[in-house]
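The next block holds one structure in the form of structure tokens; read it before the comments.
The values are calculated or read from the model by the stated rules, or taken from the named source; none is laboratory data. Bear in mind that the values here come from a model prediction, so they are computed numbers and not experimental data. All Cβ positions, glycine included, derive from the backbone under ideal geometry; neighbour counts span all protein chains shown. All accessible areas refer to the heavy atoms of the entire protein, side chains included, with ligands and DNA or RNA removed. Shrake-Rupley method; radii C 1.70, N 1.55, O 1.52, S 1.80 Å.
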Amino acid sequence: MQVLVVGSGVVGLAVARAAAIAGHEVIVAEATAAIGTGVSSRNSEVIHAGLYYPTGSSRAYHCTRGRRMLYAFCASHGVPHRKCGKLVVATNESERERLAAVHKQAEINGVEGIEIIEATAARRLEPELACVAAMRSPETGIIDSHGYMLALRGDLEDHGGMIAFGSPIERLRPARGGGWDAAVGGSDAQWLSFDAVINCAGLGAQRLARATEGYPVERVPRLVLAKGNYFSFAGRPAFSRLIYPVPVPGGLGVHVTLDLAGRMRFGPDVEWIEGENYDVDPARAQAFYARIRDYWPRLPDGSLAADYAGIRPKLTGPGEPAADFMIDGPHQHGHERLIHMFGIESPGLTSALSLAEEVTNYLSS
Ligand SMILES: Cc1cc2nc3c(=O)[nH]c(=O)nc-3n(C[C@H](O)[C@H](O)[C@H](O)COP(=O)(O)OP(=O)(O)OC[C@H]3O[C@@H](n4cnc5c(N)ncnc54)[C@H](O)[C@@H]3O)c2cc1C
């Protein structure tokens, strides 16, 4: 089958790779000039264990399964990563209950090795930490997300797939003999035909779904943009594990992330925005200092610098319950060989290999 995958972020690349390995002829159309220039290069680069997601949700399933697949993929493909572990911390007595709720959900989700520890045990692990209790998650890690995407691309190309850069897909319409015609924009604008289309366009997924002839516009979910800002820390890292507060509405709280070079940064916060922009307002540092000092009181004044921002493609807004990943395939909308993927926010990086298997299975069903 000739398959068009729209978007070369981590999800598009993982889907394209899985489809090529399954024996399909795969073309990835990417609007920009490189892989991974969207949400996939603007995140925390954390391999999530799968602690938080509601029972029975697609996020719970794909995060835990995708995480196991991802560690195996990193090992077999030499992708730089480190299973550094993380601590989720309660910084006052009133947060103990929320910490216990995270622990319970993590147990239900089948996450390995988690345990609640008291403050003294937490400080033995991380002497700079202030907390009343913590939850250890030894399966959490960090990854070089670009190295990961390069490895996915390598596998895709080894199985005969290719990526067309500078090729925005502007419209889709049902082809006469079955399958889909795609209007490719850019310098070489043309219509091309495919047997199947998988929309992995991230922040552009809703726009393409609305430009799909015959796909009911009322099925297209709302796109809500939640920016996550990061601040870098110039000094020597204070922690050797990732440190997360208990989650906040819209995100996981301003946490400590480490990169593979051992540098420490903080973020992301949650800033609801109307249009795409990636500026980080240095004034937001004030709120960062306050939140970080809840668990790291010795954070020095003047040590944070505005770094980068990413945008979560959410399906629900402030005050509304978090939405699940939404995969709208033939079983849901009735059009054969058309799959739209909406709302692939965190933990999409961790989940990509597992999501890719589910989506590729739809091609043969
Ligand atoms: C602040 C933040 C922190 C996060 N932290 C983590 C984390 O620590 N761990 C984790 O697991 N997940 C994390 N995530 C989630 C993760 O980054 C995303 O789920 C994942 O990167 C989504 O990948 P994608 O391929 O769907 O989207 P993208 O990477 O955005 O890729 C979509 C691609 O489609 C292209 N495109 C768009 N429209 C078209 C079109 N019409 N034609 C052709 N191409 C098109 C774009 O140019 C882009 O390259 C985080 C997300 C954010 C925002």
query: Of all the residues that make up region 288-316, how many are away from the ligand (no atom under 14 Å from the Cβ) and under 22 Å from Cys63 (Cα atoms)?
result: 1
query: Which of the residues belonging to region 58-94 are in contact with a Phe, Trp or Tyr (Cβ under 8 Å, 6 or more places away or on another chain) and either small (Gly, Ala, Ser) or under 14 Å from Tyr244 (Cβ atoms) (or both)?
result: Ser58, Ala60, Lys86, Leu87, Val88, Val89, Thr91
- request: Identify the residue in region 34-76 that is over 20 Å from Ala106 (Cα atoms) and of a type in the set (A, V, I, L, M) and, among all such residues, is farthest from the ligand (Cβ to nearest atom).
  value: Ala75
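Would you mind stating whether Ala285 is without any contact (Cβ under 8 Å) to a residue 60 or more places away in the chain, more than 14 Å from the ligand (Cβ to nearest atom) and open to solvent by less than 30 Å² (accessible area, probe 1.4 Å)? I'd like the intermediate steps shown before the answer.
Numbers: without any contact (Cβ under 8 Å) to a residue 60 or more places away in the chain: yes; more than 14 Å from the ligand (Cβ to nearest atom): yes; open to solvent by less than 30 Å² (accessible area, probe 1.4 Å): yes.
In short, yes.
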message: Being touching a residue at least 12 places away in the same chain (Cβ under 8 Å), buried (at least 18 other Cβ atoms within 10 Å of the Cβ), small (Gly, Ala, Ser) and within 15 Å of the ligand (Cβ to nearest atom) is true for just one of Ala226, Ala196, Ala183. Which residue is that?
response: Ala226
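If you scan region 333-365, which residues turn out to be more than 16 Å from the ligand (Cβ to nearest atom), part of a helix (DSSP H, G or I) and in contact (Cβ under 8 Å) with a residue 40 or more places away in the chain? Talk me through it step by step, then tell me what you get.
Start the filter on region 333-365 by keeping residues that are more than 16 Å from the ligand (Cβ to nearest atom), which leaves 333-337, 361-365.
This time we only want the ones that are part of a helix (DSSP H, G or I), so: 333, 361-364.
Correct list: His333, Leu363, Ser364.
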message: So for region 115-128 (the condition being in contact with a helix residue (DSSP H, G or I) (Cβ under 6 Å, 6 or more places away or on another chain) and open to solvent by less than 40 Å² (accessible area, probe 1.4 Å)), does at least one residue qualify?
response: no
- prompt: In region 155-180, which residue that is under 25 Å from Ser346 (Cβ atoms) and of a type outside the set (Val, Ile, Thr) is surrounded by the fewest Cβ atoms within 10 Å (Cβ to Cβ)?
  reply: Asp155
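This table checks each residue for (1) in contact with a strand residue (DSSP E or B) (Cβ under 6 Å, 6 or more places away or on another chain); (2) under 17 Å from Cys200 (Cβ atoms).
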| residue | (1), (2) |
| --- | --- |
| Leu125 | no, no |
| Gly141 | yes, no |
| Arg153 | no, yes |
| Pro168 | no, yes |
| Leu172 | yes, yes |
| Asp181 | yes, no |
field: Test set (1) in a helix (DSSP H, G or I); (2) more than 27 Å from Lys227 (Cβ to Cβ); (3) in contact (Cβ under 8 Å) with a residue 12 or more places away in the chain; (4) open to solvent by 60 Å² or more (accessible area, probe 1.4 Å) - Arg98 fails condition number
entry: (2)
